[in-house]
1. Quick one: putting +1 on the C-beta of Lys and Arg, -1 on the C-beta of Asp and Glu, what dipole do you get for the chain around its Cα centre, in Debye to the nearest 20?
2. Would you mind getting me the FRET efficiency between SER4 and LEU103? Use the beta-carbon distance for r and R0 = 25 Å, nearest 0.05.
3. As I understand it, the value is the acute angle between the Cα axis of helix 112-145 and the longest principal axis of the Cα atoms of the chain; what does it come to in degrees, rounded to 10?
4. Quick one: helix 4-37 against the long Cα principal axis of the chain, what's the angle to the nearest 10°, folded into 0 to 90?
5. Averaging sequence separations of C-alpha pairs under 8 Å and six or more residues apart, then dividing by the length of the chain, give the relative contact order as a whole percent.
6. Run the paramagnetic zone check for GLU62: 7 angstrom along Cα to Cβ, then residues of the stretch 1-28 with backbone nitrogen under 19 Å.
7. Given 0.36 nm per residue, what is the gain on full extension from GLN112 to LYS189 after removing their alpha carbon distance, in nm?
8. Go ahead and run the numbers for FRET between LEU88 and ASP15, Cβ-Cβ distance against an R0 of 25 Å, rounding to 0.05.
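Coordinate-derived values only; no laboratory data. Since the structure is predicted, the reported quantities are computational estimates derived from the model, not experimental observations. Cβ coordinates were reconstructed from backbone atoms using ideal geometry, including for glycine residues, and neighbour counts include every protein chain displayed.
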Amino acid sequence: MSFSAVNGTLSNLKDCQADIGTGMDIVTDVAMDLVEAQDGEGNPGIKEMEAMILECAKLDREINCFVDIVQQVTAEVTSQQPEAMFTLSARVKEQFTDRMAGLSDAELQNHQKVIAFKDSIRNSLSQASQSAENMEELDEDIAVSQSQVNFICPLTQEEMVNPVKNKKCNHHYDERAIRSMIKTRHGQKKKCRCPVVGCGNTDVKESDLVLDQVFRRKIQARKRQTNKT
Ligand SMILES: [Zn+2]
């Protein structure tokens, strides 16, 4: 007795199942993008994605059941009389219907990829709310210290665009201005003094400069606030 047709179908189903798995990964990815792009909670898109993931999980489970039952019934038939073969399809159908009836949708929550989906969304949500909090803190920070923090470059006397911090003396300058000053001074075979009044740092090197992202965001946030008022 040859079951090559059955085996061929089973292998097609396995391929199909792999595609479903890939699809579930993609849906998870898109849902995470949605969360990051906007306030995820109460986002209808996320609910839709979750429904899609659950549908895929259901399909995946059905295929597992079907493959399982076909293999089981095929094994039974092989050990019986040749005539049993003609009942193969009916037996599979019957057992499959039985098995499906015993399954609940709640169990889909335990599907490995459904769990992964929920974990990913939860992580993205907490990250999104964290960065929102950080921005708020940053804004408050600026409101309090606006008079103390100086966003004016000591060289250009204008608000810095790309602030860099000097690792040695912790003073800030606009990147272009300080780099050009260092170049000029070094071209004259002289050391470059920190241009901040009263600073004792007499040798500013390009390697001492680090781009200060936090400071840059503060300047941008302050600009937003100024624009608002
Ligand atoms: Zn300095």
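1. Working: 29 positive and 35 negative charges, 466 e Å.
That gives the chain a dipole magnitude of about 2240 debye.
2. Working: r = 30 Å, r/R0 = 1.20.
Given R0 = 25 Å and the Cβ-Cβ separation, E is 0.25.
3. Compared with the principal axis, the helix lies near 20 degrees.
4. 30 degrees
5. Values: 183 pairs, mean separation 36.1, N = 229.
Relative CO of the chain lands at 16 percent.
6. Counting only backbone N, you get 9-25.
7. On the way: separation 77, 0.36 × 77 = 27.72 nm, distance 6.61 nm.
So the extension gain works out to 21.1 nm.
8. Details: r = 22 Å, r/R0 = 0.89.
The formula returns an efficiency of 0.65 here.
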